[in-house]
Amino acid sequence: MDAVRFGSGIRHEGYNLFVLGPSGMGKLSLVRQLLEEKAIQESKPADWCYINNFSQPHKPHVLKLPHGRGEELRLYMDKLINYLRGAVPALFESDEYRTKAKAIQREFSEQQEHALMELRADAEKQKIVLLQTPDGFAFSPARGDEVISPDEYDKLPQEERERIEAAIAELQERLEKILSHLPQWRRERSERMRQLSRGIMLSTVEHMLNELRAVYSDLPDVLKYFDAVQQDMVEHVDDFRKQEESVSVSGMTVTLHQTFHNYQINVLVSNNKESGAPILSEDNPAYSNLVGRVEHIAQFGALVTDFTLIKPGALHRANGGYLLLDVRKVLMQPLAWEGLKRALQSREIHIESLGQMYGLISTVSLEPEPIPLDIKIVLFGDRLFYYLLQEYDPEFSELFKVAADFEEHIERNADTHLLYARLIATLARKEGLLPYDRYAVARVIEYSARLVGDGERLSMHMRSVADLLREADYWAREAGHVVVTVSDIQQAIDAQIRRQDRVRDRLYEAILRDTLMIDTQGKVSGQVNGLAVIELGNFVFSQPTRITASSRLGKGELINIEREVKLSGAIHSKGILILSAFLAARYARNQPLALSASLVFEQSYGIVDGDSASLAELCALLSNLADVPIKQSLAVTGSVNQLGQAQAIGAVNEKIEGFFDICAARGLTGDQGVIIPAANIKHLMLRQNVIAAAEAGQFHIYAVDNVDQAINLLTGLPAGEADVNGEYPEGSLNQRVAVRLNELVRISKSFAQKPEKNSKEA
């Protein structure tokens, strides 16, 4: 936990935390508890909002506010919009506005009429009238107030007609000049009307915004935003005057509402409810769930978006605090890991869709302004992920400089017993389980040691312990108990095994029916019972297997039949080579090893790996060479080195119990047992029925330090120790092996001399 405290406390760049360890150990709960104690003392982070960029709407601005004030600003702006939606149309329906608008209209009309009246008066002086027709204006000669007909006009003197035509031409030119000014006068009128509308809107909006400016006077960015809002509202005053419109789409009538969303506040993150820095866990760390996304909505067959559709990611919500992630889930999501690294490296959160990044879609999207990032990332994962990332990702070490490696087990002593008892009581209270009596607690502690496979250690895999407690509570309630007892714990353990042991039962059935040949009585030379382990998920069990050895004259070859057919793993092949080295070092220091031997796992149809059978293989080989039978009532497990020393192996409890189950099914004779390395004694955490059989002398567990002790138990012959001359005692097993190997050397030399003799005779 010191590493967690250090990683969470140091605030320099790159000091993010990677918590190592298998799942189910309670890492997340412990780290979260520690972070909560620390975070509650830290200040709340700021609120982050996106606002409209009125000059470039596709590039929304980001607004940073003190915690809690983002939601406050959103409500203020909503109230402002709602007020203006009702107040502005009312203002434009007021008498004041109507009067000013009519005055502008009247002024324009008077200006136009005045110009036409002057033109009409000048025309009348020249006996010409100005007529207004559906097609426009026209001039015509007149007599008095009456227009002269074409026939009468033709009867006029030539001079008079010429005068009239000249006058009409001049008047027409003046009329065209007047008409050319009409668009300008209309523009002037429109501009004055617009200025009138803007002035009314400005006075209204400015009054409302001044109240908000007083509230946010300490935030210059907000004041700047208010200025932009005021300017845009004044520029788009007509939007507030529009009534709801209806359009027909595919026979349906759709009412279009003025939403004024461009004045809304998109509160991306609000920290008004949290106390201290936020702590967030993201169970689905997809790219968009981490860095945020821009959503689209369909309108009339097209996808559209705006800044109000920007949605936050986990980095936004945890900004200023802590984000807890499962590294496996992050790595499984496309580009999530790269997006996370990019955010940490740049110290900014860039919202960009994957489709837009890779040109998979052509829909117009947004380019939101990036948000500064101040966060502590805590990754959880197996050690394999940590070391692989450290090896293959050069940026990983720069971003995750602190590793917290959780121990999978703790030392077993009186203090840890007490701590475990307290843990059991805490889990029982937390989940509403029945209380546990002292013997049940002791049984749970034994179960924890069994999970580790070490009598001196206790497991820290809290998920397995918690599951056992829950299941024991179920069985206790089924039995009507008010307290969980040892029998309830044992029933829960047995039930867990029964739910997974179908394959084991079928294998043991095959052994008991002699389909798989395993002897538990009698003696056979060159044959020994080995113990293999099979893992099916979380269920581990042992399968006894027959190992046989054969030998003959050769050149020192030790053939691993499993390897020859590519069914041997590298570690198993290594163990066979060690056996070859042992034989040469002990029996053939000063002479060739004229031996060819074969070792095989009988009735093995899958990959064989591991060196835990090397002790059994060596004993089978020595038995064959010495021609001394091995007791089939014993099984052997353990690895061996070049010096013949027995080395510790894994799953020793399961191996012992596997052979015991076969022997018990056939009937215990008192001669059966298992030979294990002495180094595995501290790992023994056997089932109660095995312990009971051992106490009664019906089953035995022998611990050996070397191959000599093992072969003595298997054959009944003393191994024998070499004297200063390298000679072994008469009748010892080693002496018999040495004699056999010397005999093979002699035979080999005789075969080598025969060709030379024949050549001399020739």
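Readers should treat all values here as calculations from the given coordinates under stated rules, not as data from a laboratory. The structure displayed is predicted, hence computed values, not measured ones. When we count neighbours, we look across all protein chains shown, and the Cβ atoms used for this are built from the backbone with ideal geometry, even at glycine.
Quick one: divide the alpha-carbon radius of gyration of segment 1-131 by 2.2 N^0.38 Å and tell me what you get. Spell out each step's value before the answer.
Details: Rg = 35.4 Å, N = 131, 2.2 N^0.38 = 14.0 Å.
Normalised by 2.2 N^0.38 Å, the Cα Rg of segment 1-131 equals 2.52.
From the phi of every residue in segment 84-91, what ³J(HN,Hα) in whole Hz does the Karplus formula 6.51 cos²θ - 1.76 cosθ + 1.60 yield, where θ is phi - 60° and glycine or proline is x?
5, 4, x, 6, 5, x, 5, 4
At 222 nm, what helix-only mean residue ellipticity would the chain give, in deg cm²/dmol to the nearest 500, using -39500 (n - 2.57) for each DSSP H run of four or more?
-16000 deg cm²/dmol
Hey, for a label at residue 231 modelled as a point 7 Å past Cα toward Cβ, could you say which residues of segment 47-87 have their backbone N under 18 Å away?
51-63
List the GluC sites (Glu not before Pro) in segment 599-663 that DSSP assigns to loop (not H, G, I, E or B) and whose Cβ has at most 15 other Cβ atoms within 10 Å. Which are they?
Details: sites: 602, 617, 654, 657; in loops: 602.
The qualifying sites are 602.
Return the distance in nm (one decimal) between the two label points of a simple spin-label model at residue 36 and residue 753, each offset 7 Å from Cα along Cα→Cβ.
About 8.8 nm, to one decimal.
If the cut-off is a Cα-Cα distance under 20 Å, which aspartates and glutamates reach residue 574, setting aside same-chain residues fewer than 8 apart in sequence?
Here the aspartates and glutamates satisfying the reach criterion relative to residue 574 are 557, 562, 564, 602, 609, 611, 617.
Does segment 260-383 classify as rounded, prolate or oblate by the C-alpha gyration tensor (a ≥ b ≥ c root eigenvalues; a/c under 1.5 gives rounded; else a/b over b/c gives prolate, otherwise oblate)?
The shape class here is oblate.
With the dipole of segment 505-745 worked out from charges on the C-beta (+1 for Lys and Arg, -1 for Asp and Glu) around the Cα centre, which of 710, 624, 742 lies farthest toward the positive end?
Checked the options; the winner is 742.
By a straight-distance test (C-alpha under 30 Å), which lysines pair with residue 125 as possible cross-link partners, with residues fewer than eight away in the same chain excluded?
155, 177
Can you pull the semi-axes for segment 496-644, root of five times each eigenvalue of the Cα gyration tensor, sorted largest first, whole Å? Kindly include the intermediate steps, with their values, before the conclusion.
Working: eigenvalues 173, 57, 32 Å².
So the equivalent ellipsoid measures 29, 17, 13 Å along its semi-axes.
Starting from the Cα of residue 477, step 7 Å along the direction of its Cβ; do the same at residue 438; then give the gap between the two resulting points in nm.
2.8 nm
How long are the semi-axes of the equivalent ellipsoid of segment 409-498, defined as square roots of 5 times the Cα gyration tensor eigenvalues? Whole Å, largest first.
Three semi-axes, in Å: 21, 14, 11.
Mean 1/r over all different Cα pairs, inverted: what Kirkwood radius does the chain give, in Å?
36.2 Å
Only bridges with both residues in segment 517-610 count here: give the DSSP antiparallel percent, nearest 5.
75 percent
Taking the Cα centre of each part, how many Å lie between segment 202-233 and segment 716-748?
Between the Cα centres of segment 202-233 and segment 716-748 lies a distance of 104 Å.
In terms of the ratio Rg/(2.2 N^0.38 Å) built on C-alpha atoms, what value belongs to segment 505-745?
That works out to 0.98 for segment 505-745.
Can you list residues from other chains, or at least 5 along the same chain, whose modelled amide H is less than 5 Å from the amide H of residue 129?
Here 140, 142 satisfy the definition.
Using only Cα atoms, find the angle between the long axis of helix 652-666 and the longest principal axis of the chain, and express it within 0 to 90 degrees, rounded to the nearest 10.
60 degrees
List the residues whose amide H sits under 5 Å from the amide H of residue 404, counting only those 5 or more places along or on another chain, with H placed 1.01 Å from N in the peptide plane.
18, 19, 20
Please give the helix 486-498 orientation as an angle from the longest Cα principal axis of the chain, in degrees from 0 to 90, rounded to the nearest 10.
Orientation of helix 486-498: about 80 degrees from the principal axis.
Multiply the residue separation of residue 524 and residue 182 by 0.36 nm, subtract the distance between their alpha-carbon atoms, and state the gained length in nm to one decimal.
So the extension gain works out to 110.7 nm.
Please work out, to two decimal places, the log10 of the ratio I(q)/I(0) at q = 0.12, 0.20 Å⁻¹ from a Debye calculation in which every Cα of segment 383-460 carries one identical scatterer.
So the normalised log intensities work out to -0.53, -0.84.
How far is helix 220-235 tilted, in degrees, relative to the longest principal axis of the Cα atoms in the chain, given as a value from 0 to 90 rounded to the nearest 10?
Once rounded, one gets 40 degrees.
Please give the FRET efficiency for residue 695 paired with residue 648, using the beta carbon to beta carbon distance and R0 = 22 Å, rounded to the nearest 0.05.
0.35
For the residue pair residue 384 and residue 299, what label-to-label distance in nm results when each label sits 7 Å from Cα along the Cα-to-beta-carbon direction?
Each label point lies 7 Å from its Cα, and together they span 5.1 nm.
Check cross-link reach from residue 749 to the lysines: straight Cα distance under 21 Å, and skip same-chain residues fewer than eight apart.
By straight Cα distance, residue 749 reaches 555, 757, 760.
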